[in-house]
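Encoded as structure tokens, the structure appears first; notes follow it.
Here, each number is a calculation from the coordinates, and none is a lab measurement. Just so it is clear, the structure is predicted and the values come from calculations on it, not from any experiment. Note: ideal-geometry Cβ built from the backbone for every residue, glycine included; neighbour counts use all protein chains shown.
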Amino acid sequence: MKEYFLDPIQYDTRKSFYKKAVVGTTTDGRTTYLRSYDTIVAEIDNINDTVTVNGWYSQTTARHINEFLSQYGFKTLNKKQMKNEYLFPMDKSGNTVETNRPEPPPQYTQPKEPIDAYDVFAV
């Protein structure tokens, strides 16, 4: 597996992502993925030239995702699109693509809705 740190060179204006975003390719070369912190958040199927974004996590991770998409020639997304529409493979034009792709392994499944800190500490 080959991995490297994602640098903001096209989409984001920050100088660095401080080694929090890692891009890797599986050993068979079929999939290129983005790991933000310790979570796989987006995957490119190199055979079908499609991308799957695994949901919306945080503003910082959204910047990582959009930089990844931009560098690989895909359209960038807003929060609503990440939450609702991009859980299915999309082509570079942003159209949903029907594939015979098998179900993702458990570590790639859609995360549960994040806990709102204000709900936890509400009086």
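Observations on the model:
- Close contacts from segment 23-38, counting a first residue that is farther than 11 Å from Lys2 by Cα and a second that is part of a loop (DSSP other than H, G, I, E, B) and of a type outside the set (A, V, I, L, M), with Cβ to Cβ under 6 Å and a gap of 6+ residues or different chains, come to Arg30/Asn46; Tyr37/Lys20.
- Annotation note: of Tyr11, Tyr18, the sole residue that is closer than 23 Å to Asn95 by Cα, assigned to a loop (DSSP other than H, G, I, E, B), of a type in the set (Ser, Thr, Tyr) and over 12 Å from the mean Cα position of the chain (by Cα) is Tyr11.
- Only one entry of Ser70, Ser58 meets the criterion of being small (Gly, Ala, Ser), surrounded by fewer than 21 Cβ atoms within 10 Å (Cβ to Cβ) and touching a residue at least 60 places away in the same chain (Cβ under 8 Å), and that entry is Ser70.
- Of all residues in segment 27-55, those being of a type in the set (A, V, I, L, M), under 20 Å from Asn95 (Cβ atoms) and surrounded by 14 or more Cβ atoms within 10 Å (Cβ to Cβ) number 4.
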